[in-house]
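The structure appears right after this line, and notes come after that.
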């Protein structure tokens, strides 16, 4: 075969040279190639045209023959020189050795079974022979490129052409596909009847490439173990499984999601002893986990101090709304104890509710109990009044039969043992009697912040003016000898004050209301 190709090549070159004798000849060389030995080697041929018979041919490989054999890919240069060694022509060829064909195997799957198919296949001008190997053992040979119904194993095929060239394919591992069994189970996720956890149950000889869940509510996920929440209703849930080999299996089931079961919810009110606060307690069956009062998260028991409507929403441990309850609450205004003074020949302190009338003297009221304290020590009770006063801080504790109680703020009292009030003026606001200088008055009373002290006769000596708050603290002092003196206490808090006038061994007191 090699000799035949070589002679054919030489004949082609000679033919070119002979045909050149009919026209002017010039120096030229052309390199051509012919792949041989099934692509392992190639013949490189120099086709020469020369005006004289003597010349030399040389290749970049160092060889000096019109035809050479090479076995590597690369760039080859042929040079034509005359008999004097002068270069007359040169040509280059880029050689790429390539097999005449490459053997391969493909798997064709069909409804009737699988088939291994070898390539290349027979054509009009080509014929091939095939040898099939399984696990390196020859199992079949012949002219057919198809291996029908293979069993599990590692396959390769050797393909031989009419020229005797032979190539062996890469191996193909084939496993007989077992039937694909697809199913799934589901159960309630956590505690919600509307939330289900799904688990696939798949029997396959091959690895699973993908899962696709369709929940029948226009929702799909591609994970193995989904958890999905449903609204109440009927659904067709489908699972499609695909293996690495391309097998698919599908299963569908009907699932019924029940409506949310409502719980019994009620609110119990527990007013405190004073009625100024109410504890609201939620009662549910079964026990709820989370609560919202008027839209805000809270506990199952809250204490409110304002009247109004209260709405509670209860949720289970899955934060599913289970029920609602509403209650109207009325909160009483709590009483606050305070002390008032009734000036007279003998001053009297009387208990009262802030913003209301004082308790009457001489008649103990029903339903309330009173305890009087002087500088923190009990000194009287259970009447709402106390007499025989001495200087100090008085407080009163008022208690109701229901158990509500209030302790007043301290009331400062300064005993006025060096003076006395005239009987007819005992209840007068702003007037006291003087044994030697007539009457003294404070006006306006109540006062917005400034008031006048006016004596009925001119003063012979300087007197001291002192203003005390009801806690017994001195808040203003000055001296005066004017018959009418302006006093400015506009910077003091609104309330009741005691004004003392001291002079010549005497002290007089009047009450002023600052508002």
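Miscellaneous remarks
- For segment 346-365, filtered to residues that are closer than 20 Å to residue 405 by Cβ and outside any strand (DSSP E or B), the residue that is farthest from the chain's Cα centre (by Cα) is 364.
- Residue among 346, 377, 319 that alone is out of contact with any helix residue (DSSP H, G or I) (no Cβ under 8 Å at 6 or more places or on another chain), in contact (Cβ under 8 Å) with a residue 40 or more places away in the chain and surrounded by fewer than 17 Cβ atoms within 10 Å (Cβ to Cβ): 346
Residue by residue, here is whether (1) modelled with pLDDT of 75 or more; (2) touching a strand residue (DSSP E or B) at 6+ places or on another chain (Cβ under 7 Å); (3) assigned by TED's automatic domain parsing to the domain that holds residue 384 holds:
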{"residue": "405", "(1), (2), (3)": "yes, yes, yes"}
{"residue": "433", "(1), (2), (3)": "no, yes, no"}
{"residue": "458", "(1), (2), (3)": "yes, no, no"}
{"residue": "465", "(1), (2), (3)": "yes, yes, no"}
{"residue": "472", "(1), (2), (3)": "no, yes, no"}
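- Selection within segment 229-251 - in contact (Cβ under 8 Å) with a residue 60 or more places away in the chain, in a loop (DSSP other than H, G, I, E, B) and exposed (fewer than 15 other Cβ atoms within 10 Å of the Cβ): 246
- Answer from 92, 115 - the residue that is touching a strand residue (DSSP E or B) at 6+ places or on another chain (Cβ under 9 Å), loosely packed, with under 11 Cβ neighbours inside 10 Å and assigned to a strand (DSSP E or B): 92
The values are calculated or read from the model by the stated rules, or taken from the named source; none is laboratory data. Owing to the predicted nature of the structure, the values given are computational and were not obtained by experimental measurement. Counting neighbours? That spans all protein chains shown, and the Cβs are built from the backbone with ideal geometry, glycine included.
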